[in-house]
Protein chains: 2
Amino acid sequence: MMTEKFLTIREMCDVFDVTARTLRFYESKELLFPVRQGQKRLFTKRDRARLKLILRAKRFGFSLEQVRQLLDLYHIDDQQQTQIRKTYEVACERLADMQRQRDELDAAISDLQEQMNWAEKIMQADENPKQAAE
Amino acid sequence: MMTEKFLTIREMCDVFDVTARTLRFYESKELLFPVRQGQKRLFTKRDRARLKLILRAKRFGFSLEQVRQLLDLYHIDDQQQTQIRKTYEVACERLADMQRQRDELDAAISDLQEQMNWAEKIMQADENPKQAAE
DNA sequence: ACGAAAGTTGACGTTCACGTAAGTTGAACG
DNA sequence: CGTTCAACTTACGTGAACGTCAACTTTCGT
């Protein structure tokens, strides 16, 4: 048994901490492609990988539409190879976005840390009030 | 003249590439506090700094409400010092969020770059088709 | 002094990303 | 066989973050 080839919608919800509605919504937006057994959805390993990336990218502030474009890169093998180059270019832009974002994030982290150091000093002073005045 | 102490709403729009509606909306949500000259808004240096941070944080996927909390750290001097500690704790969480996010972002960037290397190889092969078959 | 330009306040509309409720279907269990 | 339960579809509702339009007032140039 290789990690149970398929997951039900409920199992997906538990694993990824999302609602069933969300998974159906993502399917409707062509972000996920669960196979059907009767009318029930079964999520493949590929769906799990995609969902992981979706949730991650969301935390970076990407829209679902942007994520969909990004995801295209991860399943080129399914597609016509004629699309590779176009997809590659999209990926280049996304990558640049992400690198810019990381740089900004680094800056923001530094900023915040500085502010917090300053706040620490203030709080320190607040704990020993008027130490010099006596 | 020290960088023109105040900016009109239109100047703000041009500088930060946002709409007037957005600025008024941010004010209504207490993210910005432009002073009034008559009924016109004048944006201070502090508003400009705040807006910069707002737009930056938005790109990280923070909600405006989260941003508002974050911004509180940046104007503690205006507030009661009793609030410092609370604000400091909020900031700690945000900082942790941001660091986690950066780690994930790094991972995502690596992933994407790997995929792109793979795509490059495919494209390379596509340029010289069946080189080995002849 | 007057008309255009810029700014203001409502108030309603829109898009995204789901939430939620109502009714249906299919497998499963006592 | 009835019912219970999970999953399904359809459809309307919701909060966040603005867009857009209407109807003022204020200011500025000629």
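The values are calculated or read from the model by the stated rules, or taken from the named source; none is laboratory data. Fair warning: this is a prediction, and the values are worked out from it, not measured in the lab. Backbone-built Cβ (ideal geometry, glycine too); neighbour counts: all protein chains shown.
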Positions within region B:8-24 being under 27 Å from A:Leu112 (Cβ atoms) and more than 9 Å from DNA strand C (Cβ to nearest atom), in sequence order: B:Val15, B:Phe16, B:Asp17, B:Val18, B:Thr22
Conditions (1) closer than 26 Å to A:Ala96 by Cβ; (2) at pLDDT 85 or above; (3) more than 15 Å from DNA strand D (Cβ to nearest atom); (4) among the hydrophobic types (A, V, I, L, M, F, W, C); number of the one not met by B:Ile54: (3)
Selected residue (criterion: nearest to DNA strand D (Cβ to nearest atom)) from residues of region B:12-34 that are within 16 Å of the chain's Cα centre (by Cα) and of a type in the set (Phe, Trp, Tyr): B:Tyr26
Residues of region B:26-39 classified as near DNA strand C (Cβ under 9 Å from one of its atoms) and modelled with pLDDT of 95 or more, total: 3
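Of the residues in region A:1-49, how many are of a type outside the set (D, E, K, R) and in a loop (DSSP other than H, G, I, E, B)? First the steps, then the outcome.
Residues of region A:1-49 that are of a type outside the set (D, E, K, R), as a first pass: A:1-3, A:6-9, A:12-13, A:15-16, A:18-20, A:22-23, A:25-26, A:28, A:31-35, A:37-39, A:42-44, A:49.
From the residues that got through so far, the ones that are in a loop (DSSP other than H, G, I, E, B) too are A:1-3, A:6, A:8, A:18-19, A:31-34, A:38-39, A:44.
Number of matching residues: 14.
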Which numbered condition B:Thr82 misses (of (1) at pLDDT below 65; (2) of a type in the set (Ser, Thr, Tyr); (3) within 16 Å of DNA strand D (Cβ to nearest atom)): (3)
